[in-house]
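Read-outs: derived from the displayed coordinates by stated rules, not from any lab. Note that this is a predicted model, so its numbers are computed, not measured. For neighbour counting, all protein chains shown are included, and Cβ atoms are generated from backbone atoms with ideal geometry for every residue, glycine included.
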Amino acid sequence: MSTQAMELWADAARRTTRQGRSRRFTPEMRAAGTRLASAALASGLKKSEVSRRLGISEPTLNAWVGDRSFLEVEVVRDPIPPIRLFLGRGHADLTAEQLSHLLWGSR
C-alpha cells in the first residue's frame, strides 16, 4: 500500500467540487479510493487513520469499503458456452461478454 498514492488521491479529493455540504466523487475516483482504502486496511491501518490520510470521513470510508457495487469483474476470454436466458416463451443465448454488457453496461 503506497502512502504516496494515498496522498495523491487525497490531493485530488480536495479539488473535488462540493455540492451543498458534501463532495460528489466520480465513480472512477470512488473506485480508486475504495481500492486504496481496502489495501490500507488489509495492511493493518485503522479506519480512523485511513480516513484521515484519504481526507474523507469515517462514515464515508465505511460506506465505500462495505459497498460491493464497486467490485471489479473481469470477463475471461476462455471458451465459455453461451448462457441461455429464458424470456417468457422464448430464449436468448448470450456469451459471457454479452451478459457482462447486459448486467453492467459498457465500461
Ranked by how many other beta carbons lie within 10 Å on average, peptides 88-100, 35-47, 4-16 from highest: 35-47, 4-16, 88-100
Neighbour-count order for 50, 65, fewest beta carbons within 10 angstrom listed first: 65, 50
Kirkwood estimate for region 3-70, i.e. one over the average of 1/r between Cα atoms, Å: 12.0 Å
